[in-house]
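A.B. asks: The structure's right below; bear with me while I get my questions together.
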Amino acid sequence: MASILGLTAFFAAIVVLARAYRNRSRDGNKELGATPRRPIAISSFRDIDDTLGNQSCACGGDFRLLGEGPSVDAPDVRFARLECSHCDRERIIYFEISATS
Ligand SMILES: [Zn+2]
């Protein structure tokens, strides 16, 4: 019985480690601001406008802002949802706002 519990705990630990590795790999390969776990740190809300103004789509088109709001995944993270005016590709950029005044 003890070996069954030990084996179950062992496999549970492997699943937890595999998920942590997968999440780290997935977010680690993403550009800064591409996920709530890798937000762009800002010191002022004006930094959001500046960052959004510098974005362009891979097709060469300009992004327009569709919406902005708080992230449900992290309390100090806001997101901005953009859409390319040329190819309609959507992009979401996340911002860490805990240092804003
Ligand atoms: Zn585009």
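A.B. asks: What trypsin sites (Lys or Arg not before Pro) does region 54-94 have in DSSP loop regions with at most 16 other beta carbons within 10 Å? Working shown, then result.
C.D. replies: Values: sites: Arg64, Arg78, Arg81, Arg89, Arg91; in loops: Arg89.
Those satisfying the criteria are Arg89.
A.B. asks: Enumerate the amide H contacts of Arg38 below 5 Å, restricted to partners 5 or more residues apart or on another chain; note that Pro and chain-start residues carry no placed amide H.
C.D. replies: Gly33
A.B. asks: Which ordering of Ile92, Ile97, Ile4 is given by a fewest-first count of other beta-carbon atoms within 10 Å?
C.D. replies: Values: Ile92 15, Ile97 22, Ile4 8.
Least crowded to most crowded, the residues run Ile4, Ile92, Ile97.
A.B. asks: Still on this structure: Pull up all non-local amide H partners of Ile92: gap of 5 or more, or a different chain, and H-to-H distance under 5 Å with H placed in the peptide plane.
C.D. replies: It is Leu82, by chain and number.
A.B. asks: Moving to a separate point now. Once the piece of chain linking Ser43 and Gln55 is laid out straight, how much longer is it, given 0.36 nm per residue of separation minus the C-alpha distance between them?
C.D. replies: Full extension from Ser43 to Gln55 adds 2.4 nm.
A.B. asks: Just Ile48, Ile40, Ile14 to compare: in a GNM of the chain, with alpha carbon springs under 10 Å, which one fluctuates most?
C.D. replies: For the chain, modelled as a Gaussian network with Cα springs under 10 Å, the answer is Ile14.
A.B. asks: Compute the orientation-averaged projected area for region 32-101 from the convex hull of its Cα atoms and round it to one decimal in nm². Walk me through the numbers before you get to the answer.
C.D. replies: Details: hull surface 17.3 nm².
Averaged projected hull area, Cα only: 4.3 nm².
A.B. asks: Using helices alone, what [θ] at 222 nm do you get for the chain, with -39,500 (n - 2.57) per DSSP H run of 4 or more residues, divided over all residues and rounded to the nearest 500?
C.D. replies: After summing the helix terms and dividing by the residues of the chain, the value is -11500 deg cm²/dmol.
A.B. asks: Applying the Karplus parametrisation 6.51 cos²θ - 1.76 cosθ + 1.60 with θ = phi - 60° to the phi angles of region 59-66, what ³J(HN,Hα) value in whole Hz is obtained for each residue in order, glycine and proline being reported as x?
C.D. replies: Couplings: 7, x, x, 8, 8, 10, 7, 8 Hz.
Values quoted throughout were computed directly from the atomic coordinates according to the rules given, and no laboratory measurement underlies them. Values in this document were obtained by computation on a predicted structure and should not be read as measured data. Cβ: placed from backbone, ideal geometry, glycine included. Neighbour counts: every protein chain shown.
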